[in-house]
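Input: a single structure, listed below in structure tokens.
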Amino acid sequence: MQIAVRDQLEPLLQDMLYISESEYPLELLNLGTYTDDAALYSTVSQETSIPFDGAVVKEDADIFFEETISNLINGGDSVSAGLGKKYEQLYAFVQSTFPERWVSRVTIGAEVNICIIGITADNECSVIKTLAIET
């Protein structure tokens with residue numbers, strides 16, 4: 001991953017949480033150059049122990065961010081609205097930096113591993129990982 005991208009992402013992720021039935025932080029993974037999905041998922045699996053074994057659900061990152069932001073801003077409290085504003089800043093950066101982006105989910109029981117994957121124009125890969133609990 002380019003140093004400049006990482007340096008810009010890290011402050012955007014500070015104190016960020018993904019809220020489902022619990023709250024988990026957003027973590028940045030340093031993966032380097034993107035070659036293909038299989039190599040990407042293998043590297044993420046080695047870094048995180050998430051088993052990308054064919055049970056991967058690939059989603060549009062724009063829909064993920066739009067739904068997350070809407071849910072937070074319309075959540076009815078100032079803490080959620082503030083977090084929604086932080087997601088708006090992160091989303092703006094993701095849109096401007098990663099022409100190719102998607103979300104991959106791997107569900108294991110009640111745990112849903114979420115990886116927001118972004119590929120820059122020069123094939124540098126950034127992954128933001130979090131976890132949701134869905135019962």
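The values are calculated or read from the model by the stated rules, or taken from the named source; none is laboratory data. The model shown is predicted, which means the values in this text are computed figures rather than measured ones. Neighbour counts run over all protein chains shown; Cβ positions are idealised from the backbone, glycine included.
Here are a few things to note about the model shown:
- Odd one out for residue 135, checked against (1) at pLDDT below 95; (2) assigned to a helix (DSSP H, G or I): (2)
- Of the residues making up the range 66-74, at least one is touching a Ser or Thr at 6+ places or on another chain (Cβ under 7 Å), surrounded by 18 or more Cβ atoms within 10 Å (Cβ to Cβ) and either over 20 Å from residue 16 (Cα atoms) or touching a residue at least 24 places away in the same chain (Cβ under 8 Å) (or both).
- Any pair with Cβ under 7 angstrom, 6 or more apart, that starts in the range 3-23 at a residue that is closer than 27 Å to residue 33 by Cβ and acidic (Asp, Glu) and ends at one that is part of a strand (DSSP E or B) and at pLDDT 90 or above: 10/28
- All positions within the range 93-110 that are free of Cβ contacts under 8 Å to residues at least 60 places away in the same chain and under 11 Å from residue 9 (Cα atoms): 94
- Criterion applied to 79, 57 was being surrounded by fewer than 17 Cβ atoms within 10 Å (Cβ to Cβ), part of a strand (DSSP E or B), of a type in the set (A, V, I, L, M) and at pLDDT below 95, and the one residue passing it is 57.
- Contacts under 9 angstrom Cβ, first residue in the range 24-53 being hydroxyl-bearing (Ser, Thr, Tyr), partner assigned to a helix (DSSP H, G or I) and at pLDDT 90 or above, 6 or more apart: 34/40
- Count - residues of the range 104-118 that are assigned to a strand (DSSP E or B) and surrounded by fewer than 20 Cβ atoms within 10 Å (Cβ to Cβ): 5
- Residues within the range 82-103 that are part of a helix (DSSP H, G or I) and either loosely packed, with under 13 Cβ neighbours inside 10 Å or not aliphatic (A, V, I, L, M) (or both), tallied: 13
- Taking the range 119-132 as the range and being part of a strand (DSSP E or B) and polar (S, T, N, Q) as the test, the residues that pass are 126, 130.
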